[in-house]
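Peer 1: Got a structure here, written out as structure tokens. Questions coming.
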Amino acid sequence: MSERDRRAVEGPVQGHGAGHETDSLSEPGVRVHPPAGLALPHSRPPEAQGVRWLSPHERQGHLAAVDIFVGPEAFSRFCEHAASDLEREVGGGLAGHVGLDPASQRPFVVIEAAIPGRHTRQGNAFITFTQETLVALHDDVEALRPEARLVGWYHTHPRMGVFLSGYDRWLHHHFFPELWQVALVIEPHTLMGGFFVRDTSGEMPSREYVGFSEASGAGSPSSVQWINLEQEQRSGEAQEKGEVKDE
């Protein structure tokens, strides 16, 4: 763990729940110091070759402040972890890199790996990230490669839907303080999922989630089966479908 990250983690996590239980949250034992602020490197996001998946909220005009790209290995890994326990919540970290698109001036994250959380405590409506969990996540991210970053976290809501509880938002605020850090919620029973991203003021929504773009090459088959997301039609595809329909 880097010295900056090590200073950020202090003491054990008190209370329960990345789901619904919120006991003993008034005096949490782990705090993340205010972020020093990361100057995002100017870089191009992955080419728009993979499928773009939209949430119902995006269809209604909701726009996230950060663009999200997910690699196939990361998607397979967090889906596999989500399906490993259909009764209790599971979760972990999301690793990758972050940048600022010089063309659109929009920040973006590329999720390249999902890291199941170790040393967690969980039940059917909560997951607790302990101090050991947070330390292990930072260490595991650094082990991937020196420039990798912890770009967010994920957890499941078995039979509960896709949303952030009050404790989920508390955890995100304290341990994932950067604007570009994201939270993924997966409902493994009905195969639904969505990402939560802060707005430009720093507020984290509880219900308005967004989809993502697959960071895969052109022609690569999609493995996304979440029923709550719809594939975005590119202009060329829409025109082609229109021509076929007219015939």
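Peer 1: Can you pull out the trypsin sites (Lys or Arg not before Pro) in the range 78-181 that DSSP calls coil and that have at most 10 other Cβ atoms within 10 Å?
Peer 2: none
Peer 1: Efficiency by 1/(1 + (r/R0)^6): what FRET value for His174 and Arg59, r their Cβ-Cβ distance, R0 = 35 Å, to the nearest 0.05?
Peer 2: For R0 = 35 Å, the calculated efficiency reads 0.65.
Peer 1: Identify the residues of the range 94-110 with backbone N under 18 Å of a label point that sits 7 angstrom from the Cα of Asp199 along the Cα-to-Cβ direction, or state none.
Peer 2: Those under the cut-off are 107.
Peer 1: Then there is this: Residue separation times 0.36 nm, minus the C-alpha to C-alpha distance between Gln233 and Met160: what's the value?
Peer 2: 23.3 nm
Peer 1: I've got another one for you. At 0.36 nm per residue, minus the direct Cα-Cα distance, what do Ala83 and Val135 gain on full extension? Give it in nm, one decimal, please.
Peer 2: Stretched fully, the Ala83-Val135 segment lengthens by 16.2 nm.
Peer 1: May I ask you to list the GluC sites (Glu not before Pro) in the range 183-220 that are in a DSSP loop and have at most 10 other Cβ atoms within 10 Å of their Cβ?
Peer 2: Here the GluC sites (Glu not before Pro) that fit, given the DSSP loop and packing criteria, are Glu203.
Peer 1: I've got another one for you. Tell me which GluC sites (Glu not before Pro) from the range 102-189 have a DSSP coil assignment and no more than 10 other beta carbons within 10 Å of their own.
Peer 2: Glu147
Readers should treat all values here as calculations from the given coordinates under stated rules, not as data from a laboratory. What you see is a predicted model, and the numbers here were worked out from it, not measured in a lab. When we count neighbours, we look across all protein chains shown, and the Cβ atoms used for this are built from the backbone with ideal geometry, even at glycine.
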